[in-house]
Amino acid sequence: MISRRKFIAASSAVALGAIVKPVFANVKSLTKEDSQVKKEMIPMVISTWNHGIPANEAAWKVLETGGNSLDAVEQGVQIPEADPNVMSVGYGGFPDRDGHVTLDACIMNKDGDCGSVSFLQHIKHPIAVARKVMEETPHVMLSGEGALQFALEQGFVKENLLTDQAKKAWEEWKVNSKYLPKINAENHDTIGMLAIDEAGDIAGACTTSGAAYKYHGRVGDSPIIGAGLYIDNEVGGAVATGQGELVMKTLGTFLVVELMRNGMNPQEACKEAVKRIVTKLKNYKEFQVGYLAINKSAEVGSYCIHPGFNYALYQNDKNTLIDSDSYLKS
Ligand code: SD4
């Protein structure tokens, strides 16, 4: 005789079967040919927004001399991290609403290893600390005071990251103190970078000072593996920029990579991940999110909610700024 518990489990499964459609039902699986790297397409590096151009230059210096993709992305994103005029990343970033510059970053290599720091203060290059977390600890993420203590132990120097320019902007903001995320803020936001080296191996990095005037303690998508960045060296990689809360609610870059694993090209996968936000999150029009992806064949894709997101692609000795397609057209 069937027990009551078994009966309930069996009937729930039947009911679920009736309503749950397989997520990847209509996409083909990757074939071996799909995953072949075209040698003329690599090395390559790609990164978000205008500040991706100088960041790519630094990454390219590593790649063109046969360096690996992990070193390339770490070197690349350190350019905007150190630039006081890029007010959304590292030194010179806009502070939180209490006047503290707090940084989030993560890095991921070809072997699926990753390291991350969140809510880190006083260290100019959070991406380098994230790499140390990956390589020198048994953990993936360190946060706040602990991350700072670890950085200092590793030889990083404690610095003031709040520039006069950022302080002035914060003081002006305090007059009304409204938390109002800006869409496409000054055309540079989080930097996310993906690279394929000569050996065909993929790595990625993501670093940011987060949303300007956020609550003290707020952590966005950028240090979260699978939200701000995800790499699977068999498939490809993806990075996210824009309002982290929407990316975290949909685990955006993991989704993009899984869609590519199941046969979508990078463009289709980015579009589908934005569509997920649009269909699931009612307030999507108030925010920008942009995704950037590459696959193992060095194909590129990008998609965003609002027009205005762009990315820099360095491939075949050319570093080019390209506008992303968007869900909303104006
Ligand atoms: C974050 N994706 O922390 C980052 C950058 C940002 O508005 O603040 N965008 O959400």
- Message: Run the simple label-point estimate for residue 199 and residue 152 please: 7 Å along Cα→C-beta, distance reported in nm.
- Response: 3.7
- Of 67, 112, 52, the one that fluctuates the most in a GNM where the chain has Cα springs shorter than 10 Å: 112
- Item | Amide H contacts under 5 Å for residue 242, placed H, 5+ residues apart | 190, 290
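Sort 286-294, 309-317 by packing, meaning the average of other beta carbons within 10 Å per residue, with the highest value first.
On the way: 286-294: 26.6, 309-317: 20.3.
Listed from highest to lowest mean packing, they are 286-294, 309-317.
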- Query: Can you flag which of 174/249; 61/167; 124/271; 282/329; 110/282; 61/318 are past 24 Å Cα-Cα?
  - Reply: 174/249; 61/167; 124/271; 110/282
- Task: Quick one: which residues, 5+ away or cross-chain, put their amide H under 5 Å from the amide H of residue 214? H built at 1.01 Å from N.
- Result: 97
- Query: For helix 4-19, what angle does its Cα long axis make with the longest principal axis of the chain, in degrees from 0 to 90 and rounded to 10?
  - Reply: 70
- Task: For helix 144-153, report the angle its Cα long axis makes with the longest principal axis of the Cα atoms of the chain; keep it between 0 and 90° and round to the nearest 10°.
- Result: 60
- Message: With θ taken as phi - 60° and the coefficients 6.51, -1.76 and 1.60, list the Karplus ³J(HN,Hα) couplings across the range 194-199 in order, rounded to whole Hz; mark glycine and proline as x.
- Response: 10, 9, 10, 8, 4, 7
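Over all pairs of distinct alpha carbons, what does the Kirkwood formula give as the hydrodynamic radius of the range 30-323, in Å?
Working: mean 1/r = 0.0543 Å⁻¹.
So the Kirkwood estimate lands at 18.4 Å.
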- Ranked packing of 125-133, 246-254, most packed first, by mean Cβ within 10 Å: 125-133, 246-254
- Message: Suppose each label sits 7 Å from its Cα in the direction of the beta carbon; what would the residue 329-residue 85 distance come out to in nanometres?
- Response: 3.6
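Read the figures in this text as sums done on the coordinates, not as results from a lab. Computed from a prediction, not measured in an experiment: that's the story for all the values here. All Cβ positions, even for glycine, are placed from backbone atoms using ideal geometry, and neighbour counts span all protein chains on display.
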